[in-house]
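The values are calculated or read from the model by the stated rules, or taken from the named source; none is laboratory data. In this text, all values refer to a predicted model and were calculated from it rather than measured experimentally. So basically every Cβ, Gly included, is an ideal-geometry build from the backbone, and we count neighbours across all protein chains shown.
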Amino acid sequence: MTLDVASAILNRRAIKQFDPAYAMPDSDMEKILDLARRMPTAFNIQNWRFVVVKDPDLRRRIRAAAWDQPQVTDASVLLVLCADLKAWEKKPGRYWENAQPDIQAVMTAAIDQYYRGREQVQRDEGMRSCGMAAGAIMLLAQSMGYGTCPMDGFDFGAVGALINLPADHEIVMFVAIGKPAAPPKPTGGVLPRAELVLNDTFPA
Ligand SMILES: Cc1cc2nc3c(=O)[nH]c(=O)nc-3n(C[C@H](O)[C@H](O)[C@H](O)COP(=O)(O)O)c2cc1C
């Protein structure tokens, strides 16, 4: 099944109940992540890391660190989106390997100049990258007939220890993906366009 983007957006909801008996084929998860990796990152640093958690025992332990939310164990896959805060300094030439050598040199110098010594910017960039990836992942999964739940209701430190998170990485969020077991409750609602969309500037 393939849905157009607008339909995927309109049909996506945060799914709270998944069918625990349903196993998503690995090939579907690979397809989702291979497409999501085509989303943009600043300077093409691809500072996202995707931890695909399937081990049932690990999922039980993560659930205990996530307010016992059932999506953590009952979805087919629990995806932990992480940011590599130091991706910018890890052989940055590989982010521009297809470019001409002079362009590659310019870009690697620019990357270094932009991120070095700017811890907040490094962290913010990880949040931007993983946020965009999470949006794409949810819409791709929706278009393939799956349901998803974005999540940040968990103990970040405890989950980091459980997945052996490197010291220079940070967890951004979860996306649980699987087969919905129950329709979601009515949406909380969408604020009026006039409150959210501004023309040119905020009011003076
Ligand atoms: C960053 C983020 C974190 C969230 N964390 C949780 C969570 O821990 N548990 C949960 O059940 N829903 C969580 N949600 C789902 C939101 O409550 C839900 O997306 C929102 O109410 C809008 O509803 P809808 O996604 O069905 O349109 C989260 C959503 C986002 C974007």
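Below is a table of values for the structure above.
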{"read-out": "From the options 121, 52, 106, 80, residue that is closer than 18 Å to residue 166 by Cα, away from the ligand (no atom under 16 Å from the Cβ) and at pLDDT 95 or above", "value": "52"}
{"read-out": "Whichever residue in segment 128-154 is among the hydroxyl-bearing types (Ser, Thr, Tyr), buried (at least 21 other Cβ atoms within 10 Å of the Cβ) and closer than 19 Å to residue 10 by Cα and, among such residues, is farthest from the ligand (Cβ to nearest atom)", "value": "146"}
{"read-out": "Qualifying positions in segment 69-99 - of a type outside the set (D, E, K, R) and without any contact (Cβ under 8 Å) to a residue 40 or more places away in the chain", "value": "93, 98, 99"}
{"read-out": "Residue within segment 162-170 that is touching a residue at least 60 places away in the same chain (Cβ under 8 Å), of a type in the set (S, T, N, Q) and either assigned to a loop (DSSP other than H, G, I, E, B) or over 25 Å from residue 60 (Cα atoms) (or both) present", "value": "no"}
{"read-out": "Residues of segment 83-93 satisfying the condition of being over 13 Å from residue 41 (Cβ atoms) and either at pLDDT below 95 or in a helix (DSSP H, G or I) (or both)", "value": "89, 93"}
{"read-out": "Odd one out for residue 162, checked against (1) farther than 26 Å from residue 124 by Cα; (2) surrounded by 10 or more Cβ atoms within 10 Å (Cβ to Cβ); (3) more than 16 Å from the ligand (Cβ to nearest atom)", "value": "(1)"}
{"read-out": "When residues of segment 1-47 are limited to those that are assigned to a loop (DSSP other than H, G, I, E, B) and of a type in the set (A, V, I, L, M), the one nearest to the chain's Cα centre (by Cα)", "value": "39"}
